[in-house]
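Okay, structure first, notes after.
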Amino acid sequence: MKTILAMEYKEDALHMIDQRKLPHTYEIFIAKTCQEVDFAIRDMVVRGAPAIGAAAGYGAALAAKSYQHEEKSEFLVKMNESLDKLNTSRPTAVNLMWAVKRMRKLIETHHKLSVKSLAELVLKEAHTIVREDQAINLAMGSHGNTIIPQRATILTHCNTGALATVGIGTALGVVRTAHSSGKDIFVYADETRPRLQGGRLTAWELMQENIPSTLIADSVAATLIRDGKIDVVLVGADRIATNGDTANKIGTFMLSVVAKTYGVPFYVVAPTTTIDFDIDHGTHIVIEERNSEEVTHIEGVHIAPEGMKVYNPAFDITPHENITGIVTEKGIVRAPYAENIMKLKV
Ligand code: MRU
């Protein structure tokens, strides 16, 4: 498997592949401050739930580094402010809040340490989040591979690969694992309007690894499913409620309805860091609404009539009844979700 590194911390900065520019331009966005990491998450330089969580970890580390010459009390106040701001950079992917909470807890537990040691500890923790996510991705890949037939056509939505994580990916990690284990895999990748994460990013990742694949407009998926051309649908997740309801990229819900109608297995692939153990129903998940230009414009070209109103939710909720199983690093969870998801809580 080829290695795509969505981000790398070096020379006191977070280096990220600028995902706004792919596939035409491969550019590295360098964030030297927490504010720059915050911007990178808001503007989707980096995106995908686990990648956002990892970037937030480094955002916290850069904040801590910049306050390391402050008095302890001042350091703690400023760290809190930076973490509060980072926490709001995107509302749906719970990995962001999970990473921020993890950093808050770390600082709280070790508050007696010197400010410099605390800053070092936060950076070390950010590296640990990355290492953990890499191992989690591999584990999801092998669990997920057990549900992939020897010969399979897989439908994917959005980008769930190395760019969306810091490892091999979630749903696309399963595709990678199946392909590298010698299975005869073919992928249909939804382009994923409006931001085209499928057309720009998933297609790029699939081509890098020569995984047989074809790009489709989102509206083609229903026909392929009805015509028996899809063996399994694999999607990622941005937040999962404890009843199994899953927030993922807009369009996922529609796919789940069609898959259920035609009896095609529909799997969510997500780490347990994407489960929000504080909510028991999808209705509690905040759905991000992004700006109208994502819909009215394509590559800077205005395609809708001037002044047209736009509704642009970035995610939707797939009800748990439509989900065949949730592939996590701890194994595949199936209904009854309310009961089985709670068993994953450590
Ligand atoms: O708006 P994005 O590009 O951050 O949305 C990404 C997705 O919806 C992915 O499917 C999700 O984060 C899971 S993949 C790791």
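The values are calculated or read from the model by the stated rules, or taken from the named source; none is laboratory data. In this text, all values refer to a predicted model and were calculated from it rather than measured experimentally. Counting neighbours? That spans all protein chains shown, and the Cβs are built from the backbone with ideal geometry, glycine included.
Assorted remarks:
- The selection criterion, being surrounded by 19 or more Cβ atoms within 10 Å (Cβ to Cβ) and touching a helix residue (DSSP H, G or I) at 6+ places or on another chain (Cβ under 8 Å), does not hold for residue 113.
- Search result, residues across region 37-66 that are within 11 Å of the ligand (Cβ to nearest atom), under 19 Å from residue 102 (Cα atoms) and of a type in the set (Val, Ile, Thr): 41, 52
- Checking each residue in region 137-167 for being among the aliphatic types (A, V, I, L, M), away from the ligand (no atom under 11 Å from the Cβ) and closer than 17 Å to residue 6 by Cβ picks out only 138.
- Residue match in region 326-341 (condition: closer than 10 Å to residue 244 by Cα and within 14 Å of the ligand (Cβ to nearest atom)): yes
- Condition check for residue 170: of a type outside the set (A, V, I, L, M), closer than 25 Å to residue 254 by Cα, touching a strand residue (DSSP E or B) at 6+ places or on another chain (Cβ under 6 Å) and within 12 Å of the ligand (Cβ to nearest atom): yes
- Failed item, numbered, when residue 223 is tested on (1) away from the ligand (no atom under 16 Å from the Cβ); (2) without any contact (Cβ under 8 Å) to a residue 24 or more places away in the chain; (3) closer than 29 Å to residue 26 by Cα: (3)
- The conditions of being surrounded by 18 or more Cβ atoms within 10 Å (Cβ to Cβ), of a type outside the set (Gly, Ala, Ser) and either assigned by TED's automatic domain parsing to the domain that holds residue 101 or assigned to a loop (DSSP other than H, G, I, E, B) (or both) are not met by residue 268.
- Note on region 223-257: residues that are of a type outside the set (D, E, K, R), closer than 18 Å to residue 191 by Cα and in a loop (DSSP other than H, G, I, E, B) amount to 5.
- Per-region count, region 19-36, residues within 16 Å of the ligand (Cβ to nearest atom) and surrounded by 18 or more Cβ atoms within 10 Å (Cβ to Cβ): 3
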